[in-house]
Amino acid sequence: MEADYAIIYNPIAKKGKTQKDLDYAFKCLKDLNVSYKSIVTEYDGHAIELANQLAKDGYRVIAAGGDGTANQVLHGVITSNTGVLCGFIPMGSGNDIPAVVGIRPDIRRACEIIAEGHSSKTDVGIAKTDEGIERYFLGVGSQGFDAEVARRSNEKGGKNYNLIVFQALFSWKSKEIIVKMDNDTYEGLANLTAVGNGGAYGGGMYVCQKAKTDDGLFDISIVNIGKFKLLMQFKRMYSASLLPHPNVAEYSSKNVRIEMKNKEDDPYLCQVDGEILGPLPVTYNSIKEGYEFIRPRIDEVAEAFKEKYGHYFYECDHEL
């Protein structure tokens with residue numbers, strides 16, 4: 001084997017403007033004496049296949065790109081059953097998955113983290129639909145309005161995210177769901193239900209801000225806010241000051257089952273890490289210390305957030 005690392009990248013990530021970032025990343029890795037080879041994805045799902053095979057070939061596998069590439073790579077590596085290390089170089093518009101393991105959207109710093117060689121295990125989630133789709137994830141699994149936004153955003157290549165949100169919200173109608181957890185059950189209307197291994201999606205929107213990746217539990221937020229009031233609350237998610245909220249039910253559980261209450265309703269879609277899995281029902285399971293990732297020694301995302309906002313995102317004691 002000629003290299004230690006395999007870098008998988010998506011040439012159309014970040015609306016196709018990744019080449020400059022890639023050239024910079026490759027220069028940084030060479031300057032840091034990191035031995036690597038790079039492989040380009042050619043179609044949706046290709047990153048899973050590549051990561052799976054490269055892990056079996058003995059490479060430590062790095063996803064360079066957005067959250068779609070990151071999720072596919074981590075899924076491919078985990079399902080290889082090799083235990084090889086997985087890492088990330090954030091180059092997307094959201095970069096929520098690398099953030100779960102403390103990696104900021106700074107290409108130079110991400111390359112330094114790879115060169116430093118620190119790694120540790122973190123909790124991961126796995127989602128399984130009744131249609132037989134399974135996917136590991138690091139961030140948030142959600143269903144309802146936000147999954148619909150993810151679907152539309154994927155179809156449009158992430159163009160004009162704010163407009164996509166507004167258009168989806170304008171036509172949105174909430175439906176009743178059933179959420180079954182280890183010690184609780186929720187039945188009722190919900191705009192969205194977020195099951196968080198990590199805390200954020202949508203480029204740093206903290207919907208599950210109490211989520212921890214070392215407790216073997218999901219942080220679950222069931223949101224039933226009027227749809228236009230919900231739009232006004234989005235900015236609170238970026239500063240992690242939405243919670244507590246009287247119209248957000250919060251739970252924690254290792255296992256979560258979500259289904260439509262009324263069988264005649266068109267089912268909500270579910271997504272994990274921005275990847276659409278299909279319609280409900282879906283079952284989530286948290287795997288404590290589920291996989292080992294290349295990461296910084298301290299959570300640099302949490303520290304940067306505190307420096308900007310004056311508190312950590314998991315400190316949920318702010319006035320509305």
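The residue that is modelled with the highest pLDDT, counting only those in segment 158-173 that are touching a Lys or Arg at 6+ places or on another chain (Cβ under 8 Å) and closer than 24 Å to residue 100 by Cβ, is 164. Tell me yes or no: at least one residue of segment 174-188 is farther than 30 Å from residue 253 by Cα and either assigned to a strand (DSSP E or B) or at pLDDT below 85 (or both). No, there is no match, as no residue in segment 174-188 is farther than 30 Å from residue 253 by Cα and either assigned to a strand (DSSP E or B) or at pLDDT below 85 (or both). Applying a threshold of 6 Å to beta carbon distances and a minimum spacing of six or more residues, or different chains, the list of pairs starting in segment 214-240 at a residue that is over 24 Å from residue 185 (Cβ atoms) and ending at one that is in a helix (DSSP H, G or I) and at pLDDT below 90 reads 227/169; 231/169.
Quick check on segment 94-105. Is at least one of its residues modelled with pLDDT under 90 and in the same structural domain as residue 40 (by TED's automatic domain parsing)? Within segment 94-105, one or more residues are modelled with pLDDT under 90 and in the same structural domain as residue 40 (by TED's automatic domain parsing).
For segment 71-105, filtered to residues that are small (Gly, Ala, Ser) and free of Cβ contacts under 8 Å to residues at least 60 places away in the same chain, the residue that is surrounded by the most Cβ atoms within 10 Å (Cβ to Cβ) is 76.
Hey, could you check segment 48-61 for residues that are within 16 Å of residue 2 (Cα to Cα) and surrounded by 24 or more Cβ atoms within 10 Å (Cβ to Cβ) and say which is nearest to the chain's Cα centre (by Cα)? Ranking the candidates gives 61 first.
The residues of segment 265-275 that are closer than 12 Å to residue 140 by Cα and outside any loop (DSSP other than H, G, I, E, B), listed by number, are 270, 271, 272, 275. Would segment 116-131 turn up any residue that is under 15 Å from the mean Cα position of the chain (by Cα), at pLDDT 95 or above, surrounded by fewer than 24 Cβ atoms within 10 Å (Cβ to Cβ) and of a type in the set (S, T, N, Q)? Yes, because at least one residue in segment 116-131 is under 15 Å from the mean Cα position of the chain (by Cα), at pLDDT 95 or above, surrounded by fewer than 24 Cβ atoms within 10 Å (Cβ to Cβ) and of a type in the set (S, T, N, Q).
In segment 236-248 there is at least one residue that is of a type outside the set (Asp, Glu), outside the structural domain of residue 97 (by TED's automatic domain parsing), part of a helix (DSSP H, G or I) and crowded, with 20+ Cβ neighbours inside 10 Å. Residue count for segment 197-216, restricted to those that are within 20 Å of residue 287 (Cα to Cα) and part of a loop (DSSP other than H, G, I, E, B): 12.
Of all residues in segment 219-235, those satisfying the criterion of being surrounded by 21 or more Cβ atoms within 10 Å (Cβ to Cβ) and closer than 26 Å to residue 308 by Cα are 219, 220, 221. Kindly evaluate residue 138 against the criterion of being crowded, with 21+ Cβ neighbours inside 10 Å and without any contact (Cβ under 8 Å) to a residue 60 or more places away in the chain. Considered against the rule, which asks whether it is crowded, with 21+ Cβ neighbours inside 10 Å and without any contact (Cβ under 8 Å) to a residue 60 or more places away in the chain, residue 138 comes out as no.
The values are calculated or read from the model by the stated rules, or taken from the named source; none is laboratory data. Keep in mind the model is a prediction, meaning the values are calculated, not measured. Because the Cβ atoms are built from the backbone with ideal geometry, glycine has one as well, and the counts that use them run over all protein chains shown.
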